[in-house]
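J.: Quick one: this structure, given as structure tokens, is what I'll be asking you about.
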Amino acid sequence: MPARPRSLQREWSRAFTLVLVALVAGAAVTLVGVRVVTDHMQHAAAQHRDESEAVAELRAGLDAHEQAGLQLLSAGAVDPSAFLQQQKDVSAQFDAAAGILPVAYGMRDAVREARTAWQEGLSAHGLWGSQVASLHGNRVAEAPAFAASGARARALLANVRRASLDALDDGVAHGAELQRMVSTGRIALFALAVGGVFLFRRRMTRYLMRPVEGLYRGVVKLQSGDYSHRISVVRDDELGQLAEAFNSMAATVHDSHLELTFRATHDPLTGLANRAVLAERLAAVFGPGAPHPEGKEGFGAGRSDHREGLLIIDVDDFKDVNDSLGHEGGDALLIQLAQRLRGCVRAHDLVARLGGDEFAIVVMDDCGTATDDVAGRIQDALRDTFSIDEVRLKVSVSMGAAQRGAGTADPAELMRQADFAMYMAKHGGKGRYQLFDARGYDEMTFRAALRADLATAVQAGQLRLDYQPVVNLGTGEIAGVEALVRWEHPTLGRLGPADFIPLAEETGEIGSIGCWVLDTASRHVAGWRRSPGTAGDLWVSVNLSTLQLSSDRNLAALERILAHPASQADKVILEVTESALATSADGGVAALNRLKSFGVRIAIDDFGTGFSSLSTLAVLPADILKIDRAFLSGLPGDAPATAMLEGILEVARKLDLAVIAEGIEDSGQLDLLRSLGCDMGQGFLLASPSPSPVLEALLASGALLQPPAGLDAPANGV
Ligand code: C2E
Ligand code: CA
Ligand code: CA
């Protein structure tokens, strides 16, 4: 770790050392001070005691010696040598006292003076030293003077005692002074410690607590996702370094967060927004309280003046670009295209790449033609060729658009609509722009739902057959019946073949439906044949889809039914349209020949509408021609139609084919057909398609279907 100009560790160890020193110093001052004061007092007291003792001893010595002196003066019985010894002792006591007593306060001088006075008093009365030997007689008269000289010495000693007391007083006073000094020192040190504590407390708050709080706040903010928060660096110490480290970590986290967010929301190839952002924008657009781009509030799905548009853009033949220029070339094209798309929108629109070669644009605030304008600008922008690896390329896109309306439920619906429009544009040819068409969409979704239901229709027993009699126009007898399929849809009700047969052909369901029809119709009619009153040779005609002929599987299924004796194949007619046969080339003819081997007859349905040539007709394994009702619609006043009808009848006669005229609706048509010698016919005038019980009853009644001239077909029904 690099050296720091400031260090919390240094600072705090210094602080603790200082406080410790103050405490130790305080304790030392206390201990030493108390000791000094005590010693001083003890010393003063001892000194005084010694002085007092010395003075007291001296006084006692003096008193005793004075008594002895007085006795000597009064010629008492005193041993002079003992007196002298006593005198020496007193002198020694004076010397000792002079040694004990200090010079201060004049004590030593006073003792010396007392000694001098004592000595002079003794000398004056012949009692000093060798004078004693020559002393004789009664000198009691000198006793008062001698006592007075002793009094002077005692007075001087009393001075010494007073001086000693003064010294004691001063010593005590000095002790008190010392004690004050010790207290002052201790208070000073205590104050220093208190000051230090306050100072360090303040510094701790400033340099320790606040930075730590700041760090904590920073961590909490980072946790809550605020990556831009930074901690202020108070000082360049350990915490300062920690704060700096935190800030650089937060900056790194911020950067990687931005990068991750960008990656999560953008397409890495083109830099455009991705699908997630598009979904988010659409969700915001549909949100109830979504903020308006111009700051207005509450623009929900109900607002009609601000309707957002969604454009879906798909590159035409992008696969070819990838195939010819490689994936790098394809990527380069997508990048350039993304740039051009960006240039076609306004600032608040959103361009996104949905994946592959598919892009989407949310056109905000489209109060009129904004979406169309963007589409127009895109088409303009694509007029210039793209240049990839020096290859110049002309690129077109298919665009579909949908606008959010009051009825658009959610983003997914808008997306579906725009997708559908794009799909329509694509199918209408390349480089097209298509606005969403609600009717086409409804039709498509309806068909999609129907397609799903159709898969289970046969198994669920939802199919029914109606039968329409085909009548011998000459006699009015019912020669046969045409089976016509219906679907009893559980929710949509009865659906006619036009609603579901083309779908069944698309999904392949026609195979099972066709088999069901053939099987059901042939068995039904076989049953009727057995009932009394019904012709034993009543035939049933069943419509076949060309897809039933082109697939081997379907053909085999038909063969299995026809092979079953219950179907009575020789009384079955299979109807195929002329146009269907024309598109299935030879396959259809071969298949029909295979079926014919079971004894069935073949009818060419809707004859005359398929533009097949007469030569084709000659090779078809047909037995019957069913003339399309279009030839009857203008009759009987329509001369050219009549001529056509005559021609067809003539051809049929020549080719030895039976003829059934379809769609006879009025008696004029019937009369004309009869006059032209047409064998058979069917139509609402004779009988409408009806459910099997109705047909069964009609057949059982043996009624002839020969309406009198002038009676036209009812609008509906038999
Ligand atoms: P199609 O084979 O030409 O059948 C005759 C159609 O004409 C029937 O319509 C019938 O109701 C109608 N029709 C009968 N008489 C008259 C009339 O006087 N005037 C008018 N305007 N129409 C008349 P439908 O039942 O709706 O059948 C329509 C078509 O559906 C049939 O035309 C046939 O091509 C097809 N279809 C019916 N059932 C099946 C089937 O089981 N399989 C296959 N593949 N197609 C079927
Ligand atoms: Ca038919
Ligand atoms: Ca027909």
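J.: What number comes out for the charge environment of GLY121, summing +1 per Lys or Arg and -1 per Asp or Glu over other residues with Cβ under 9 Å away?
T.: Net of charged neighbours comes to -1.
J.: Which FRET efficiency, nearest 0.05, do GLU120 and GLU53 yield, Cβ-Cβ r, R0 22 Å?
T.: 0.30
J.: Could you pull the Rg and Dmax for segment 8-193, using just the Cα atoms, both in Å?
T.: 27.1, 101
J.: OK, next. Any idea what the relative contact order of the chain is, in percent, if you count C-alpha pairs under 8 Å spaced at least 6 apart?
T.: Normalised by residue count, the contact order of the chain is 8 percent.
J.: So, one more: In segment 557-680, how does Rg compare with the Kirkwood Rh, expressed as the Rg/Rh ratio over alpha carbon atoms?
T.: Using only Cα positions, Rg/Rh for segment 557-680 is 1.01.
J.: Can I ask one more? Which cross-chain or sequence-distant (5 or more) residues have an amide H under 5 Å from the amide H of VAL234, H modelled 1.01 Å from N in plane?
T.: Amide H to amide H, under 5 Å and 5 or more residues apart or across chains, VAL234 pairs with nothing.
J.: Another one. If you average the C-alpha positions of segment 671-688 and of segment 2-64 separately, how far apart do those two centres end up, in angstrom?
T.: Value for the Cα centre distance between the two parts: 150 Å.
J.: In degrees between 0 and 90, to the nearest 10, how far off the longest principal axis of the chain does helix 143-204 point, with axes built from Cα atoms?
T.: Between the helix axis and the principal axis of the chain, the angle is about 10 degrees.
J.: Moving to a separate point now. So what is the relative contact order of segment 68-203, in percent, for Cα pairs below 8 Å that sit 6 or more residues apart?
T.: Relative contact order for segment 68-203 comes out at 29 percent.
J.: While we're here: Karplus couplings for segment 562-571 from phi (6.51 cos²θ - 1.76 cosθ + 1.60, θ = phi - 60°), rounded to Hz, Gly and Pro as x?
T.: Rounded to whole hertz, the list is 5, 5, 6, x, 4, 7, 6, 4, 6, 10.
J.: If you don't mind, another one. Along the Cα→Cβ direction, 7 angstrom out, place labels at ARG162 and VAL212. What is the inter-label distance in nm?
T.: 7.2
J.: Karplus couplings for segment 513-527 from phi (6.51 cos²θ - 1.76 cosθ + 1.60, θ = phi - 60°), rounded to Hz, Gly and Pro as x?
T.: Those phi angles translate into 4, x, 5, 4, 5, 4, 4, 5, 5, 5, 5, 3, 5, 4, x Hz.
J.: Another one. Quote the relative contact order of segment 275-436 in percent (integer), defining contacts as alpha-carbon pairs under 8 Å separated by 6+ residues.
T.: Computed over segment 275-436, the figure is 28 percent.
J.: I want to verify the translational diffusion coefficient of the chain in µm²/s; compute it with Stokes-Einstein, Rh as the Kirkwood radius over Cα pairs, at 4 °C and 1.567 mPa s.
T.: Result for D is 32 µm²/s.
J.: Now a separate question. Using a Förster radius of 45 Å, what is the FRET efficiency between ARG530 and MET644 based on their Cβ-Cβ separation? Nearest 0.05, please.
T.: 0.65
J.: So how do 270-281, 434-445 stack up, highest first, on mean other-Cβ count within 10 Å?
T.: 270-281, 434-445
J.: While we're looking at this one, here's another question. Heavy-atom accessible area per residue, the chain, 1.4 Å probe: how many Å²?
T.: Accessible surface, normalised per residue, equals 50 Å².
J.: While we're looking at this one, here's another question. Would you mind computing Rg(Cα) / (2.2 N^0.38 Å) for segment 449-701, counting N as its residues?
T.: Relative to the rule-of-thumb radius for its length, segment 449-701 sits at 0.99.
J.: Can you tell me the orientation of helix 210-223 relative to the chain, as the angle in degrees between its alpha-carbon axis and the longest Cα principal axis, to the nearest 10?
T.: 10
J.: Helix-derived [θ] at 222 nm for the chain: sum -39500 (n - 2.57) over DSSP H runs of at least 4, divide by residue count, nearest 500?
T.: -19500 deg cm²/dmol
J.: Sticking with this structure for a sec: Round to the nearest 0.05 the FRET efficiency obtained for ALA251 and LEU31 when R0 = 56 Å and r is the Cβ-Cβ distance.
T.: 0.45
J.: Also: With every protein chain in place, what's the accessible area of HIS125 (1.4 Å probe, Å², nearest 10)?
T.: 20
J.: Next question, about the same structure. Where the centroid of each part is defined by its Cα atoms, how far is segment 465-483 from segment 358-396 in Å?
T.: When both Cα centres are located, 62 Å separates them.
J.: What does the charge add up to near GLU662, with Lys and Arg as +1, Asp and Glu as -1, over the other residues with Cβ less than 12 Å from its Cβ?
T.: So the surrounding residues net to -4.
J.: Long-range amide H contacts for ALA661: which residues qualify at under 5 Å (H placed 1.01 Å from N, peptide plane, sequence gap of 5 or more or a different chain)?
T.: ILE627, MET680, GLY681, GLN682
J.: Ranked by accessible surface with a 1.4 Å probe, highest first, in what order do MET209, MET181 come?
T.: The ordering from most to least exposed comes out as MET181, MET209.
J.: Given the Cα-Cα distance of ASP39 and GLU280 and 0.36 nm per residue of separation, how much length would full extension add, in nm?
T.: Contour length minus Cα-Cα distance gives 77.5 nm.
J.: Is segment 471-606 best put as rounded, prolate or oblate by its Cα gyration tensor, with a ≥ b ≥ c the root eigenvalues, rounded for a/c under 1.5, and otherwise prolate when a/b is larger than b/c, oblate when not?
T.: In terms of gyration-tensor shape, oblate.
J.: Relative to the first principal axis of the alpha-carbon coordinates of the chain, what is the inclination of helix 667-676, with its axis defined by its Cα atoms, in degrees from 0 to 90 and to the nearest 10?
T.: With both axes taken from Cα atoms, the answer is about 50 degrees.
J.: Would you mind computing Rg(Cα) / (2.2 N^0.38 Å) for segment 143-219, counting N as its residues?
T.: Rg over 2.2 N^0.38 Å, computed on Cα atoms: 2.83.
J.: Here is a follow-up. If I model a spin label at VAL619 and HIS427 as a point 7 Å from the Cα along the Cα→Cβ vector, what separation in nanometres do I get?
T.: 3.4
J.: In addition: Debye calculation, C-alpha points only, no solvent: report log10 I(q)/I(0) for segment 275-436 at q = 0.16 Å⁻¹, in the same order as the q values.
T.: Rounded to two decimals, the profile gives -0.86.
J.: Could you give each residue of segment 240-253 its phi-based ³J(HN,Hα) in whole Hz, using Karplus coefficients 6.51, -1.76, 1.60 with θ = phi - 60°, and x for Gly or Pro?
T.: So the Karplus estimates, Gly and Pro as x, are x, 5, 5, 4, 5, 5, 4, 4, 6, 5, 4, 5, 5, 4 Hz.
J.: Give me the distance in nm between label points sitting 7 Å out from Cα along the Cα-to-Cβ direction at SER324 and HIS136, one decimal.
T.: Roughly 17.8 nm, to one decimal.
The values are calculated or read from the model by the stated rules, or taken from the named source; none is laboratory data. Being a predicted model, the structure only gives us computed values, none of them experimental. Neighbour counts are summed over all protein chains in view; Cβ atoms, including those assigned to glycine, are modelled from backbone coordinates with ideal geometry. In case anyone asks, the SASA skips ligands and DNA or RNA and just uses the protein heavy atoms, side chains included. Shrake-Rupley method; radii C 1.70, N 1.55, O 1.52, S 1.80 Å.
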